[in-house]
Amino acid sequence: MRRIGKVIACSSLTALPMHAAAASQAAVSSQADREQPNIILIMTDQQTADAMSNRGNQHLQTPAMDRLAADGIVFTRAYCAYPLSGPSRASIMTGKMPNQVSVLENNDPLPDEEKEKTLGFTMQAAGYDCLYAGKWHIPTVELPDGEFGFRKVCGMYDPDMALHIDRVLSEEREKPFFLVASYLNPHEICEYARSQTLPYGEVTIPDDAVLPELPANFNATDGLPELLMHHKRMSPRLYPTENYTERDWQNYLYAYHRLVERVDAHIAELIRLLEEKGLYDNSVIIFTSDHGEGVAAHRWNQKRALFEETTRVPLIVKPPKGELPAKQREIDALVNTGIDLYPTLCDYGNASIPNGLHGISLKRIINGTAEPHQSIFIETHLDAINGRAWCVIKGNYKYAFYRFFKEREQLFDLSKDRGETTNLVHDPEYALIYQEMKEEMKQHAKRIGDKMLIRELK
């Protein structure tokens with residue numbers, strides 16, 4: 001029988017014992033005279049982790065993202081907290097899991113008691129001019145000006161974002177700034193799938209276009225959780241792909257890659273702007289996406305599912321000039337962006353991290369002064385009947401649990417089966433790992449107070 005060995009996510013990093021890491025996490029320096037860098041969080045919408053040319057994807061070119069990767073550190077095992085926009089963004093802005101802040105759907109508002117502890121207010125209290133440009137979606141699509149500690153730079157229109165940011169950054173300022181540049185694309189793939197008009201212009205597929213091949217797990221649909229398939233059947237508007245031919249799926253992937261390139265071009269405009277103002281080199285820039293995209297894996301479009309494609313996201317951290325490690329440019333530590341970005345941004349900005357958060361500062365992982373997560377937890381909601389699902393990832397293993405119907409449990413060895421094609425739940429060789437992973441999920445449920453999951457796992 002197999003067991004999960006001790007997880008060492010970054011063998012080249014010097015890890016602290018857990019009690020020391022926790023102590024250092026809580027003891028963020030409060031020196032008033034410490035220089036605070038300008039900080040920019042760049043976020044796309046619905047971009048899966050491998051949708052960048054710097055990750056070896058030959059079907060698209062993303063020079064702006066590649067530039068950030070060349071100037072920073074790439075986290076290769078970063079996951080969202082929840083593969084849906086509103087809950088994921090609520091998690092990022094609070095540093096808590098969506099269930100902890102009662103945001104499980106796009107229309108769920110943050111409770112009033114959580115608003116005052118959101119990231120904008122925390123960075124504002126640390127002395128930052130907090131600026132927000134683009135998509136918000138907690139729950140309003142655009143940020144109400146002056147709320148959540150941010151000044152609204154502009155609404156949700158990617159093509160004009162750099163112009164509006166230029167205007168605000170040209171102001172005389174005595175404070176450092178914390179800017180969130182939140183782009184819509186490649187989210188327009190949702191409109192493409194529904195044959196709707198794309199807000200920023202159509203994607204044309206030439207007759208002689210070289211179409212991407214379908215993923216190796218394209219036909220891996222047998223044995224998928226019945227709750228997942230029920231959700232898909234009940235939501236034909238979201239998943240209008242039932243009668244797609246293989247050529248239709250290839251066109252879908254071609255369009256998706258063009259939308260990623262489209263948003264990359266807008267990010268390039270922002271980078272040029274920062275360089276022209278002399279702000280690029282010495283700023284902290286973090287790039288990520290709110291969640292991934294199905295990209296035809298298991299014949300899935302959209303998000304919500306707990307697949308690797310829908311939950312893994314790009315994550316690049318570019319520290320100020322002079323703080324980049326000489327050798328460690330890729331880190332395979334497990335990251336949950338929902339809970340880890342908040343303490344990371346606070347750490348870089350010398351802001352006090354609120355009590356009760358379970359995230360780990362990526363700055364400390366980069367510097368080797370904190371131990372990465374041994375496991376991470378992801379949740380989702382699939383249907384109006386409260387069809388929730390959860391997964392936990394530890395080392396090479398991933399365990400998923402669905403609340404209703406058949407095929408409720410999944411266990412995968414991602415080192416051998418990244419495409420999640422072979423469910424090991426009933427394999428006797430993995431019986432001990434199955435029990436260990438289920439216990440790991442129980443511990444996460446208890447830590448965040450998920451009463452439903454605690455009941456279901458009894």
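Kindly indicate the residue of the stretch 275-296 that is in contact with a strand residue (DSSP E or B) (Cβ under 7 Å, 6 or more places away or on another chain) and not aliphatic (A, V, I, L, M) and also farthest from Asp50 (Cα to Cα) among those meeting that condition.
Here the residue is Ser283.
Report yes if Met437 is under 21 Å from Met234 (Cβ atoms), in contact (Cβ under 8 Å) with a residue 40 or more places away in the chain and either out of contact with any Cys (no Cβ under 8 Å at 6 or more places or on another chain) or not in a helix (DSSP H, G or I) (or both), otherwise no.
In short, no.
Can you name every residue in the stretch 224-239 that is in a loop (DSSP other than H, G, I, E, B) and within 30 Å of Leu411 (Cβ to Cβ)?
Those that are in a loop (DSSP other than H, G, I, E, B) and within 30 Å of Leu411 (Cβ to Cβ): Leu224, Pro225, Met234, Ser235, Leu238, Tyr239.
Quick one: which residue in Gly127, Gly146 is assigned to a loop (DSSP other than H, G, I, E, B), more than 30 Å from His257 (Cα to Cα) and touching a residue at least 24 places away in the same chain (Cβ under 8 Å)?
Gly127
Have a look at Tyr128, Tyr200 and point out the one that is buried (at least 18 other Cβ atoms within 10 Å of the Cβ), over 21 Å from the mean Cα position of the chain (by Cα) and of a type in the set (Phe, Trp, Tyr).
Tyr128
Working carefully through the options Glu171, Glu105, find the one that is touching a residue at least 60 places away in the same chain (Cβ under 8 Å) and surrounded by fewer than 19 Cβ atoms within 10 Å (Cβ to Cβ).
Glu105
Any residue that is of a type in the set (D, E, K, R) and touching a strand residue (DSSP E or B) at 6+ places or on another chain (Cβ under 6 Å) - is there at least one of those in the stretch 113-122?
No.
If I ask for residues that are out of contact with any Lys or Arg (no Cβ under 8 Å at 6 or more places or on another chain) and assigned to a loop (DSSP other than H, G, I, E, B), which ones from the stretch 284-296 would you list?
Val295, Ala296
Where residues in the stretch 240-280 are assigned to a loop (DSSP other than H, G, I, E, B), in contact (Cβ under 8 Å) with a residue 12 or more places away in the chain and not hydrophobic (A, V, I, L, M, F, W, C), which of them is surrounded by the fewest Cβ atoms within 10 Å (Cβ to Cβ)?
The selected residue is Lys277.
Residues Ile454, Ile360: which one is in contact (Cβ under 8 Å) with a residue 40 or more places away in the chain and either on the phi < 0 side of the Ramachandran plot or surrounded by 16 or more Cβ atoms within 10 Å (Cβ to Cβ) (or both)?
Ile360
Mind counting the residues in the stretch 212-228 that are surrounded by fewer than 16 Cβ atoms within 10 Å (Cβ to Cβ) and either out of contact with any Gly (no Cβ under 8 Å at 6 or more places or on another chain) or free of Cβ contacts under 8 Å to residues at least 40 places away in the same chain (or both)?
Adding up the residues that qualify gives 6.
Restricting attention to the stretch 297-331, which residues are under 24 Å from Leu104 (Cα atoms), touching a strand residue (DSSP E or B) at 6+ places or on another chain (Cβ under 6 Å), not in a loop (DSSP other than H, G, I, E, B) and not polar (S, T, N, Q)?
Arg312, Leu315
From Ile393, Ile366, Ile360, which residue is part of a loop (DSSP other than H, G, I, E, B), in contact with a strand residue (DSSP E or B) (Cβ under 8 Å, 6 or more places away or on another chain) and β-branched (Val, Ile, Thr)?
Criteria check complete, one pass: Ile360.
Need at least 1 residues that are of a type outside the set (Lys, Arg) and touching a Lys or Arg at 6+ places or on another chain (Cβ under 6 Å) per element, so show me which helices (runs of 4 or more DSSP H) inside the stretch 34-123 make the cut, counting only ones lying wholly within it.
63-71
Identify all residues within the stretch 427-456 that are of a type in the set (A, V, I, L, M) and more than 26 Å from the chain's Cα centre (by Cα); write none if there are none.
Ala431, Leu432, Ile433
Can Ala70 be described as in contact (Cβ under 8 Å) with a residue 12 or more places away in the chain, of a type in the set (Gly, Ala, Ser) and crowded, with 18+ Cβ neighbours inside 10 Å?
no
So in the stretch 379-389, with the set limited to residues that are in a strand (DSSP E or B) and buried (at least 24 other Cβ atoms within 10 Å of the Cβ), which one is farthest from the chain's Cα centre (by Cα)?
Ala389
Surrounded by fewer than 20 Cβ atoms within 10 Å (Cβ to Cβ) and at pLDDT 95 or above, is that true of Asn38?
no
Considering only residues of the stretch 293-332 that are over 23 Å from Ser235 (Cβ atoms) and acidic (Asp, Glu), which is surrounded by the fewest Cβ atoms within 10 Å (Cβ to Cβ)?
Ranking the candidates gives Glu330 first.
Quick check: is even one residue across the stretch 404-411 buried (at least 18 other Cβ atoms within 10 Å of the Cβ), within 21 Å of Tyr79 (Cα to Cα) and at pLDDT 95 or above?
Yes: one or more hits.
The values are calculated or read from the model by the stated rules, or taken from the named source; none is laboratory data. Keep in mind it's a predicted model, so treat the numbers as computed, not measured. With ideal geometry, Cβ positions are generated from the backbone for all residues, glycine too; neighbour counts draw on all protein chains shown.
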